[in-house]
Amino acid sequence: MMKIGLTGGIGTGKSTVAKLFRAQGWVVVDADQIAKQVVEPHEPAFEAIVTVFGDDIVDEETGALDREKLGRIVFQDQEKRQQLNDIVHPAVRERMTAEAEEAFDYGAEVVVLDIPLLIESDLFHLVDCTVLVYATKEQQLERIIERNGLSEEEAAKRINAQMPIDEKRAKVDDIIDNRRGFEALKTEVEAYVNRIHQELHY
């Protein structure tokens, strides 16, 4: 059994690699999806957020968090952002670990934890090894502009808000190179999957 930490930068193609891993039969646990689940109404993290930030951040119609309002609060105040992270991050880690263990109980050999901020949040202890989806900064910029319809300036801001991809590259065990198009990426993923299976069986 192996837990692999999958990470990347915005526009590197991490989500595409996660889909390709699933197509190869691997279980992928998505940190972003879980982050949404743990703050749904009646979840412990939801209750804790309301206790800290007040009832004003609950949408009266839906009973769910008003993400826009909460976002405005934490964007302007680093201390409040830290308070939010201190509630949400442990809940996400706990749920991810539980889902991985459940997958192993059902016979999975490999579980991939898809964690965008794995390196920045120093979550290496959650996994057995790490793999980074790599593309150049220029490619990141091009892809974000095309995908999100952003201006070059807005796209550059998003990239610059993250740890540089080449810095991340130095901190992981393996690289999946996404600089040469989809067919080349598929080949990279298949080679990586085959190598991991060989490591598990020999």
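Any read-out appearing in this document is the output of simple, stated calculations on the displayed coordinates, not a laboratory observation. Everything numeric in this text was worked out from a predicted model, so none of it was measured. Here Cβ is always computed from backbone atoms with ideal geometry, including for glycine, and neighbour counts include all displayed protein chains.
Length, then width, then depth: along the principal axes, the Cα atoms of segment 39-158 run 46, 42, 27 Å. Hey, with R₀ at 25 Å, roughly what FRET efficiency would Ser151 and Asp77 work out to, going by the Cβ-Cβ distance, to 0.05? The value I calculate is 0.40.
Highest mean first, the peptides 128-137, 141-150, 88-97 sorted by other C-beta atoms within 10 Å per residue fall in the order 128-137, 88-97, 141-150. If R0 is taken as 30 Å, the Cβ-Cβ distance between Glu60 and Glu94 corresponds to a FRET efficiency of 0.50. Any aspartates and glutamates with Cα under 12 Å of the Lys171 Cα? List them, leaving off those in the same chain fewer than 8 positions away. Hits, sequence-local ones excluded: Glu120, Asp122.
Ranked by the mean number of other Cβ atoms within 10 Å of their residues, highest first, the peptides 186-195, 7-16, 53-62 fall in the order 7-16, 186-195, 53-62. Computed extension length for Phe182-Phe124: 18.1 nm, one decimal, from 0.36 nm per residue of separation with the Cα-Cα distance subtracted. Under 19 Å of direct C-alpha separation, and excluding same-chain neighbours fewer than eight residues apart, Lys80 reaches these lysines: Lys36, Lys69.
The distance separating the Cα centre of segment 30-103 from that of segment 154-168 comes to 24 Å.
Given R0 = 25 Å, the distance between the Cβ atoms of Glu142 and Gln198 translates into a calculated FRET efficiency of 0.10. A P(r) calculated from all alpha carbon pairs of the chain, with 5 Å bins opening at zero, reads 1, 7, 14, 16, 17, 16, 13, 9, 5, 1, 0, 0 percent. The orientation-averaged shadow of the Cα convex hull for segment 33-102, equal to a quarter of the hull surface, comes to 4.7 nm².
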